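Colleague: Have a look at this one before I ask anything.
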Amino acid sequence: MYLKRFLGVSAALAILFAAGCGAAQKAQVVNESELGYSDRGTPPKVEYSKAAPGTSQRLPRSYENAPPLIPHSIEGMLPITLQNNACLGCHMPSVAEAMGATPMPPTHFKDFFFSTKKKLIKQGLYEDEAVYKARLAKLAKKEDIAPQRYNCVQCHVPQANAKPLVENTFKPEYRDPNAKHRSNLNQTLMEGVQ
């Protein structure tokens with residue numbers, strides 16, 4: 001029964017994807033050689049924001065719930081290591097308001113791999129259960145960030161003044177006008193998931 005449902009959904013998605021690809025073919029097609037620098041020489045110099053934290057202008061999000069760009073200089077803040085994450089000094093909810101920074105959203109304190117880790121604990125392949133329960137308690141009180149969210153620059157990148165190689169014609173649609181500057185992901189994180 002589940003296999004039939006899965007195959008039916010897969011077939012429907014394949015048809016929708018093919019229909020979307022056909023529509024894309026009617027639009028202007030970009031030649032593969034136009035996407036890279038291989039025949040263009042040296043890439044243009046990219047200028048990143050030199051503004052100090054708290055003094056810069058934030059750009060709107062690229063699409064609804066997109067990770068916001070870092071509006072300030074990150075010079076001296078990288079690399080992020082297990083021993084040091086300079087971002088947390090200003091963006092943890094407990095200090096963000098006092099620092100004039102945007103607090104990390106509640107989604108950054110949710111451990112998405114809890115059930116996997118629970119199995120690993122039982123098998124003796126992960127830290128002991130007491131240590132893990134203490135870590136979960138810190139997450140619940142927003143005193144610690146989820147391990148999947150610790151490396152901020154895997155999703156957030158500095159704003160830059162860079163000329164795109166290919167014109168971007170994407171126009172985002174926001175269901176909520178405030179979504180240009182604020183995420184509602186905490187309320188919609190499991191939207192459509194059963």
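The values are calculated or read from the model by the stated rules, or taken from the named source; none is laboratory data. This is a predicted model, so every value here is computed, not measured. Because the Cβ atoms are built from the backbone with ideal geometry, glycine has one as well, and the counts that use them run over all protein chains shown.
Colleague: The conditions are (1) at pLDDT below 80; (2) within 22 Å of the chain's Cα centre (by Cα); (3) in a loop (DSSP other than H, G, I, E, B), and N186 fails exactly one of them. Which is it?
Modeller: Of (1) at pLDDT below 80; (2) within 22 Å of the chain's Cα centre (by Cα); (3) in a loop (DSSP other than H, G, I, E, B), only one is false for N186: (3).
Colleague: Looking at K117, K122, can you tell me which residue is over 30 Å from P60 (Cβ atoms), surrounded by 14 or more Cβ atoms within 10 Å (Cβ to Cβ) and out of contact with any His (no Cβ under 8 Å at 6 or more places or on another chain)?
Modeller: K117
Colleague: Please go through the range 134-171 and pick out each residue that is of a type in the set (D, E, K, R) and surrounded by 15 or more Cβ atoms within 10 Å (Cβ to Cβ).
Modeller: R135, K142, D144, R149
Colleague: On the given criteria, is K110 among the basic types (K, R), at pLDDT 80 or above and in contact with a helix residue (DSSP H, G or I) (Cβ under 8 Å, 6 or more places away or on another chain)?
Modeller: Taking the combined requirement at face value, the residue satisfies it.
Colleague: Related question: Select from the range 69-83 the residues that are exposed (fewer than 10 other Cβ atoms within 10 Å of the Cβ) and under 19 Å from the mean Cα position of the chain (by Cα) and list them in ascending order.
Modeller: Hits for the range 69-83 are P79, T81.
Colleague: Would you mind finding the one in T102, T116 that is out of contact with any helix residue (DSSP H, G or I) (no Cβ under 9 Å at 6 or more places or on another chain), polar (S, T, N, Q) and at pLDDT below 90?
Modeller: Residue meeting the stated conditions: T116.
Colleague: Which helices (runs of 4 or more DSSP H) does the range 72-174 wholly contain that include 1 or more residues that are within 28 Å of G54 (Cβ to Cβ) and of a type in the set (A, V, I, L, M)?
Modeller: Of the helices (runs of 4 or more DSSP H) lying wholly inside the range 72-174, those with at least 1 residues that are within 28 Å of G54 (Cβ to Cβ) and of a type in the set (A, V, I, L, M) span 88-91, 93-99, 129-140.
Colleague: Based on what the data block shows, is A179 aliphatic (A, V, I, L, M) and either at pLDDT below 85 or farther than 30 Å from E47 by Cα (or both)?
Modeller: Answer is yes for this residue.
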